[in-house]
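Peer 1: Encoded as C-alpha cells, here's the structure I'll be asking about.
The values are calculated or read from the model by the stated rules, or taken from the named source; none is laboratory data. Only a predicted model underlies this, so the values are computations on that prediction, with no experimental measurement involved. Because the Cβ atoms are built from the backbone with ideal geometry, glycine has one as well, and the counts that use them run over all protein chains shown.
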C-alpha cells in the first residue's frame, strides 16, 4: 500500500491508483469533466487539477497522476478554484444554452459542475460556431454545439467497443465531434450516448419521453444474448423508457435498443386454441384444461413416452428446471431436449468427451438463511471438481489471457461482451490475437495473425496446428494431465503438410507461426461459436478444439480456458438445469431409466412413422420451424404430430402449427435467472406488468398441477432454491458471480479424442453460402417492430464479394435467387469485400427469406446464384 | 488517361499499407487530385486498416488538406502579426471580392482557391500574399487586379 495525504488527511491506497481514484474512494471531492471510471484517464478537461508535493511547481491533473509514497495532495485552494472556474468558462464559451429542452437536463455533469464551481457568468467572447446538429443518424442524435470535447465517446468507441466510428475533426477552438461522413455508420451500440457527460449525444428512443430523474430503476440481466450483461431498466407508467448500464456503460445495440420488443404489436396477449383450423382466443383456464386433457388422452393411448418436450434457451433457469421436472418426475420419462442440440450442446458433448462430465466434491448445504437467488450450497475446505465446466472460461478472465485463438466466429455479433474483453486484453503488450475465419471480421484489424481458410476446412486447420506444435516440440507434455496423445498423433499421421495447406488454403508459414504462438502462450484461450457449431460436423470441430486446448491449455492460469459461445440468454442454463434427454440438472447422467431420444432422433422417428414417435409435443418457445435446418422437412414432420402446444410470446412459424398457444412474459415482465455463456448468474427482475400473459414457470406449474404433478410453486425464488440445492456445480453462486465457484479447486484431466480431419461441404455448386449472425439481431426475438435493431438492420441482405458481383453482373440492392440442393430463396444483395470471392453470407434472423429453406444439415453449403 | 481508381492504386502501390502511411498517402492524394475526394478516402481507410473517422480527423486537422476541390491556383494571404498590422485583412477582403470567393473556398470555375495563413516567413515585405509558389510582397489593394490578371483564364 502507498501512504499519502490528501488535504492533510493520511490515506493508504492501492499502488497504481490515480489521485482522483483515491480521492473518490475516500469521499474527497475533486471536480472533473472528462474522467470516467470505465475508461483510462483522458486528461483533456484539466478541471481536476490539484497541487502536489513533491511535484512540478504548477497544478497537475488528478485523473492522470498516479500516487507515490509520501505524496501530499491539496485539492482546494483559492488559486485552484480560480483555475477551475476559468476552465469552466472556456468550456461554456460556446455551449448551447438549451438545458430546458436538452434530454440530459437533470443528469448533466456540466450542469452539476457549473453549479458546484459557482460559475455564474461567462465574461468571455468568441466567434459563434455553427450548431451542425445531426438528426438523420439512426438511434443517436448528435449536437456538436453541446459537446465539451472531453473525448469520452471517442475513447469508448475506440478502446472499448473497437468500432472507431466517431472522432474529433478540425482543431483548437473549432474542434468538432464528427463521424466523418454523415449519417453515422457504426455498430449502433449507443455506448457513446451514456458515457457523454452532456447532451451532445442523445438516445433517440428516450428523447422527450421523460426527464432524466423520472424513471423508476430496476436492475436486470439483459435477455438479448448469452453475454450476461446487466442493465437498469428505467420505467414510467408501466413502460420502459430506456436501459442503461451504469457500471461499464457498454451494451450492444440489441441490448440497448432492443427492449421495445416487449411492446411489439404482434405480441400474443391471450391463449389461442385451434378450432376448425383457425385460432380463437381462449381463457387461461380453458386453454390449460384442454392441454391437460389432451396430454392425459395421449398418455392413455400411447403411454407417458408419447409426450415430448423441447425446452427453451430463452426461458429462465427456473422455467426450464420445472419443465424437465414435469417430464422426469411428472411423467417419469426422459422425453425432452433443447434446441441447443444443433449448436451449443455439440460443444458440451465434445468437451465432455475430452474433459469428462462434471464431478464436484466437498460442497454442503450452508446455513438456513440464504438470500434469494443465492446457492444454498457452500464449498467446504478442500472442495474440488473435475470435468468440462472447469475448462469453460469466465468473462472477466478473458482479458487475462495472453493469447486468444478465435476460430470461425465473428465475435461482435455472436457475443459482444467477448469482443469488449478482447479489446481490454489488447491493452496488455504481451497479448496476441490469432483469428481464424473464412471471412473478414471487425477483429481482423486488431489481430496479430489472421488465418483465412477455405470454407469447411476448420478441422484440417486445427489438425495442422496440433501437428505443427508437436513437430516443433517433440517432447511436448500438456500442462493438463492427459492421456491418449499417442493415439491422436497416430490418427493425424496420414495428414501431410501439403494436404493441410492445399485443403485450408493457409500458407504453412502462417500456420507454423500460429502454432508457435500457441505453444509459447502462458495463458491461451480458445473462442468459438454457433457459426462453427451449426455445421453438420460441428461436434467434431468442437472435439478438435478441445484436443487443441488439452494440448496447449493451462487452466491454472486465469484466462486460459475455452469459450464456446452459448448464443442465447440461457443457452447454457437450459442445458445445465437438465433439459437434455440423457442428463439431469448439473449434467448428471440419468439413472434408472433409459435416456430419451434427442431432438434430431425425434425427427427421424417421425420421418419413419415409428411407433415410438411422439404424439404430443410441448414446446417451450424455441421456434423449431425457423431454427432447425431443412425447413421443409421439419414442417412436414411437425405436421405429423397430432397435438402441439407452444409457449411463446409471438405467433411464430412453429406456433402456427400448434393446437394451443400459451402467451408468455418476456424479459422485463418476469423474474428469474439465466446462466450466461461464460457461466455468470444473471438475475431478471420484474419491472413491467404482465398484461394478461404469464411467465413460463407459472404456466408449467399450473399445467403440472392440473395433471396431478407435484409442481406447485409460489414464485421463482422457491424454484431456484430447490434447483440450486441439486447443483453442486453452482455452489457459492449468486447473482453476478460465475459458476463454478473459484473456491472449488479444479482438478482437470483429459483424454485426447481422435477427430475427423476432413472437409465437409457437399455439392458442386459454384458458391459457398454461410448462414450466420448479424450484429443487430439475436435469434428472431429482435425482428419485431418497433425496436432499434429493425430500424438499423430491417431485412436480410446476401453479402457478396464485389468481384463476384461483377462477374454475375450484380449491383448493390439487386435481388438474386439463391439455390441450394434443398431449396431456393430470393434476397437482395449487399456488396462487401469482407467475404472472400466465392463465398456469400446470409443472416439467419429473418422470417423472409428463411435461411433454413436452403439448409440440409449445416449452415455451410454450396449454392448457385442467379440474377433476378 | 488514368481513371481516378488507377491514380489511387498507383499512389497506394508506393506504400506498405499500414496505418502509419496515412499522412503521406493523403498528401499524395491531395497532390494528385488537388483535394481529398470522399470515395477515395473510403478506399484509403479500407486499405490502411484505419477507420474512416480517423482519416477525416487527420484530413481536417491539417491545413494542407482540403475536402473540397481546390482551384487551379492557390492564393495564400498572410495574416501574421506584421501583415495584420499592415492591412492584411483588407488584402484578403479585396481578393475575395474581386474573385467572388470566401477565404477557405474555391471560385466557382475552380480557377482560384483563397486561403489565409498564419505567416509566410517574410515579414519585412508585409503585407504579403502568395499565388502558387510565387510571393508578392509590399502589397497594396490597388495592385490586386493587375496581379490576378495573368492567372485568369
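Peer 1: If we scan the stretch A:113-136, do we find a residue that is within 30 Å of residue A:417 (Cβ to Cβ), modelled with pLDDT under 95 and in contact with a strand residue (DSSP E or B) (Cβ under 8 Å, 6 or more places away or on another chain)?
Peer 2: Scanning the stretch A:113-136 turns up at least one residue that is within 30 Å of residue A:417 (Cβ to Cβ), modelled with pLDDT under 95 and in contact with a strand residue (DSSP E or B) (Cβ under 8 Å, 6 or more places away or on another chain).
Peer 1: Does any residue in the stretch A:829-854 that is within 14 Å of chain B (Cβ to nearest Cβ) and more than 24 Å from residue A:436 (Cα to Cα) come within less than 8 Å, Cβ to Cβ, of a residue that is surrounded by fewer than 16 Cβ atoms within 10 Å (Cβ to Cβ) and at pLDDT 90 or above six or more places away or on a different chain, and which pairs are these?
Peer 2: none
Peer 1: State all residues of the stretch B:13-31 that are surrounded by fewer than 17 Cβ atoms within 10 Å (Cβ to Cβ) and part of a helix (DSSP H, G or I); if no residue qualifies, say none.
Peer 2: B:13, B:19, B:20, B:23, B:24, B:27, B:31
Peer 1: Still on this structure: Quick one: in the stretch A:666-687, which of the residues that are within 12 Å of residue A:219 (Cα to Cα), touching a helix residue (DSSP H, G or I) at 6+ places or on another chain (Cβ under 7 Å) and at pLDDT 95 or above is surrounded by the most Cβ atoms within 10 Å (Cβ to Cβ)?
Peer 2: The qualifying residue surrounded by the most Cβ atoms within 10 Å (Cβ to Cβ) is A:684.
Residue-wise test of (1) buried (at least 23 other Cβ atoms within 10 Å of the Cβ); (2) under 30 Å from residue A:558 (Cβ atoms).
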position: A:734; (1), (2): no, yes
position: A:743; (1), (2): no, yes
position: A:751; (1), (2): no, yes
position: A:754; (1), (2): no, no
position: A:757; (1), (2): yes, no
position: A:763; (1), (2): no, no
position: A:775; (1), (2): no, yes
position: A:782; (1), (2): yes, no
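Peer 1: Determine, yes or no, whether residue A:824 is within 30 Å of residue A:544 (Cβ to Cβ) and surrounded by fewer than 21 Cβ atoms within 10 Å (Cβ to Cβ).
Peer 2: Criteria not met by residue A:824.
Peer 1: Does the stretch A:155-203 hold any residues that are within 14 Å of another protein chain (Cβ to nearest Cβ), part of a helix (DSSP H, G or I) and surrounded by 22 or more Cβ atoms within 10 Å (Cβ to Cβ), and which are they?
Peer 2: Passing the criteria: A:156, A:157, A:161, A:192.
Peer 1: Moving on. Can you confirm whether the stretch A:448-463 contains a residue that is free of Cβ contacts under 8 Å to residues at least 40 places away in the same chain, touching a helix residue (DSSP H, G or I) at 6+ places or on another chain (Cβ under 9 Å) and surrounded by 17 or more Cβ atoms within 10 Å (Cβ to Cβ)?
Peer 2: yes
Peer 1: Further question on the same structure: Check off (1) surrounded by fewer than 20 Cβ atoms within 10 Å (Cβ to Cβ); (2) touching a residue at least 12 places away in the same chain (Cβ under 8 Å); (3) more than 14 Å from chain B (Cβ to nearest Cβ) for residue A:807 and give me the number that stays unchecked.
Peer 2: Unmet for residue A:807, out of (1) surrounded by fewer than 20 Cβ atoms within 10 Å (Cβ to Cβ); (2) touching a residue at least 12 places away in the same chain (Cβ under 8 Å); (3) more than 14 Å from chain B (Cβ to nearest Cβ): (2).
Peer 1: Let me ask another. State yes or no: is residue A:242 over 16 Å from residue A:38 (Cβ atoms), surrounded by 22 or more Cβ atoms within 10 Å (Cβ to Cβ) and out of contact with any strand residue (DSSP E or B) (no Cβ under 8 Å at 6 or more places or on another chain)?
Peer 2: Judged against the criteria, residue A:242 is not a match.
Peer 1: Of the residues A:589, A:564, A:642, A:595, only one is buried (at least 24 other Cβ atoms within 10 Å of the Cβ) and either free of Cβ contacts under 8 Å to residues at least 40 places away in the same chain or in contact with a strand residue (DSSP E or B) (Cβ under 9 Å, 6 or more places away or on another chain) (or both); which?
Peer 2: Of the residues listed, the single one that is buried (at least 24 other Cβ atoms within 10 Å of the Cβ) and either free of Cβ contacts under 8 Å to residues at least 40 places away in the same chain or in contact with a strand residue (DSSP E or B) (Cβ under 9 Å, 6 or more places away or on another chain) (or both) is A:564.
Peer 1: Now, a different point. Residue under question is residue A:242, and the condition is that it be in a strand (DSSP E or B) and either outside the structural domain of residue A:735 (by TED's automatic domain parsing) or modelled with pLDDT under 95 (or both); does it hold?
Peer 2: yes
Peer 1: Still on this structure, I have one more. Considering each residue of the stretch A:471-504, count those that are in contact (Cβ under 8 Å) with a residue 60 or more places away in the chain and closer than 26 Å to residue A:386 by Cα, and give that number.
Peer 2: 11
Peer 1: In addition: Within the stretch A:341-349, is even one residue closer than 11 Å to residue A:620 by Cα, touching a strand residue (DSSP E or B) at 6+ places or on another chain (Cβ under 9 Å) and in contact (Cβ under 8 Å) with a residue 24 or more places away in the chain?
Peer 2: no
Peer 1: Shifting gears a bit: So is residue A:144 more than 11 Å from chain B (Cβ to nearest Cβ), without any contact (Cβ under 8 Å) to a residue 60 or more places away in the chain, in contact with a helix residue (DSSP H, G or I) (Cβ under 9 Å, 6 or more places away or on another chain) and over 30 Å from residue A:422 (Cα atoms) or not?
Peer 2: Against the criterion (more than 11 Å from chain B (Cβ to nearest Cβ), without any contact (Cβ under 8 Å) to a residue 60 or more places away in the chain, in contact with a helix residue (DSSP H, G or I) (Cβ under 9 Å, 6 or more places away or on another chain) and over 30 Å from residue A:422 (Cα atoms)), residue A:144 does not qualify.
Peer 1: Any residue in the stretch B:49-63 that is more than 10 Å from every other protein chain (Cβ to nearest Cβ) and either in contact with a helix residue (DSSP H, G or I) (Cβ under 6 Å, 6 or more places away or on another chain) or in a loop (DSSP other than H, G, I, E, B) (or both)?
Peer 2: No, there is no match, as no residue in the stretch B:49-63 is more than 10 Å from every other protein chain (Cβ to nearest Cβ) and either in contact with a helix residue (DSSP H, G or I) (Cβ under 6 Å, 6 or more places away or on another chain) or in a loop (DSSP other than H, G, I, E, B) (or both).
For every residue, the table says whether it meets (1) more than 17 Å from the chain's Cα centre (by Cα); (2) closer than 30 Å to residue A:445 by Cβ.
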{"site": "B:9", "(1), (2)": "yes, yes"}
{"site": "B:27", "(1), (2)": "no, yes"}
{"site": "B:36", "(1), (2)": "no, yes"}
{"site": "B:62", "(1), (2)": "no, yes"}
{"site": "B:70", "(1), (2)": "no, no"}
{"site": "B:79", "(1), (2)": "no, no"}
{"site": "B:93", "(1), (2)": "yes, no"}
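Peer 1: In the set B:93, B:40, which member is more than 14 Å from every other protein chain (Cβ to nearest Cβ), out of contact with any strand residue (DSSP E or B) (no Cβ under 8 Å at 6 or more places or on another chain) and free of Cβ contacts under 8 Å to residues at least 40 places away in the same chain?
Peer 2: The unique qualifying residue is B:93.
Peer 1: Something else: Hey, can you tell me all the residues within the stretch B:130-140 that are surrounded by 14 or more Cβ atoms within 10 Å (Cβ to Cβ) and either under 14 Å from the mean Cα position of the chain (by Cα) or without any contact (Cβ under 8 Å) to a residue 12 or more places away in the chain (or both)?
Peer 2: B:130, B:131, B:136
Peer 1: Here's another thing I want to ask about it. How many residues does the stretch A:394-445 contain that are within 14 Å of chain B (Cβ to nearest Cβ) and out of contact with any helix residue (DSSP H, G or I) (no Cβ under 8 Å at 6 or more places or on another chain)?
Peer 2: So the answer is 3.
Peer 1: Quick one: count up the residues across the stretch A:353-372 that are within 17 Å of residue A:720 (Cα to Cα) and not in a loop (DSSP other than H, G, I, E, B).
Peer 2: Residues flagged as within 17 Å of residue A:720 (Cα to Cα) and not in a loop (DSSP other than H, G, I, E, B) within the stretch A:353-372 amount to 2.
Peer 1: Still on this structure, please answer the following. Tally the residues that are buried (at least 17 other Cβ atoms within 10 Å of the Cβ), within 18 Å of the chain's Cα centre (by Cα) and farther than 15 Å from residue B:66 by Cβ, restricting the search to the stretch B:111-129.
Peer 2: 3
Peer 1: Within the stretch A:423-442, can one find any residue that is within 26 Å of the chain's Cα centre (by Cα), part of a helix (DSSP H, G or I) and within 23 Å of residue A:840 (Cα to Cα)?
Peer 2: yes
Peer 1: Does any residue of the stretch A:731-750 turn out to be assigned to a helix (DSSP H, G or I) and either over 24 Å from the mean Cα position of the chain (by Cα) or in the same structural domain as residue A:293 (by TED's automatic domain parsing) (or both)?
Peer 2: There is no residue in the stretch A:731-750 that is assigned to a helix (DSSP H, G or I) and either over 24 Å from the mean Cα position of the chain (by Cα) or in the same structural domain as residue A:293 (by TED's automatic domain parsing) (or both).
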